[in-house]
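For reference, the structure is listed below as structure tokens.
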Amino acid sequence: MGMAKSDQEQESAVAGAAAHDAAPRPKRGPRGRVVIFGTWCKGCGICVEFCPMKVLALNDDGHPLVVAPEKCTACHWCDTHCPDFAITVERIG
Ligand code: SF4
Ligand code: SF4
């Protein structure tokens, strides 16, 4: 009897863990749409270097590209630090 109860407890503990793993909460929070004005950008790389989410990367010409738009949290680090006002972030969602 004691054995059976302990098996049951173990099973429900495992089922609980599986249900928890199977239903991760979607991440929530602001998102941003990043636009770079190529003619103003001097390719200093500040935005690429300091974006905490690695949304940007330098292309072969040394200018930034948006490589992971889905990761932008609209923190506005890039557009507030760009020395040439060459990048803007519009908050979406
Ligand atoms: S707003 Fe923040 S997360 Fe989005 S690209 Fe700029 S620095 Fe990165
Ligand atoms: S910080 Fe501004 S000027 Fe520098 S690479 Fe980024 S967009 Fe271009």
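Only one entry in GLY62, GLY93 is small (Gly, Ala, Ser) and within 11 Å of ligand 2 (Cβ to nearest atom), namely GLY62. If you go through segment 40-74 and pick out every residue that is free of Cβ contacts under 8 Å to residues at least 24 places away in the same chain, among the β-branched types (Val, Ile, Thr) and part of a loop (DSSP other than H, G, I, E, B), you end up with 2.
The single residue among ALA57, ALA17 that is modelled with pLDDT under 95, more than 10 Å from ligand 1 (Cβ to nearest atom) and surrounded by 10 or more Cβ atoms within 10 Å (Cβ to Cβ) turns out to be ALA17. Residues of segment 44-56 that are within 11 Å of ligand 2 (Cβ to nearest atom) and of a type outside the set (Phe, Trp, Tyr): CYS44, GLY45, ILE46, CYS47, VAL48, GLU49, CYS51, LEU56.
Taking segment 66-91 as the range and being more than 11 Å from ligand 1 (Cβ to nearest atom) and either exposed (fewer than 15 other Cβ atoms within 10 Å of the Cβ) or at pLDDT below 95 (or both) as the test, the residues that pass are PRO83, ASP84, PHE85. Inside segment 23-39, residues that are of a type outside the set (S, T, N, Q) and either over 22 Å from GLY93 (Cβ atoms) or free of Cβ contacts under 8 Å to residues at least 24 places away in the same chain (or both) make up a count of 8.
The values are calculated or read from the model by the stated rules, or taken from the named source; none is laboratory data. All figures in this text were calculated on a predicted structure; none of them were measured in a lab. Virtual Cβ from ideal backbone geometry, glycine too; neighbours counted across all protein chains shown.
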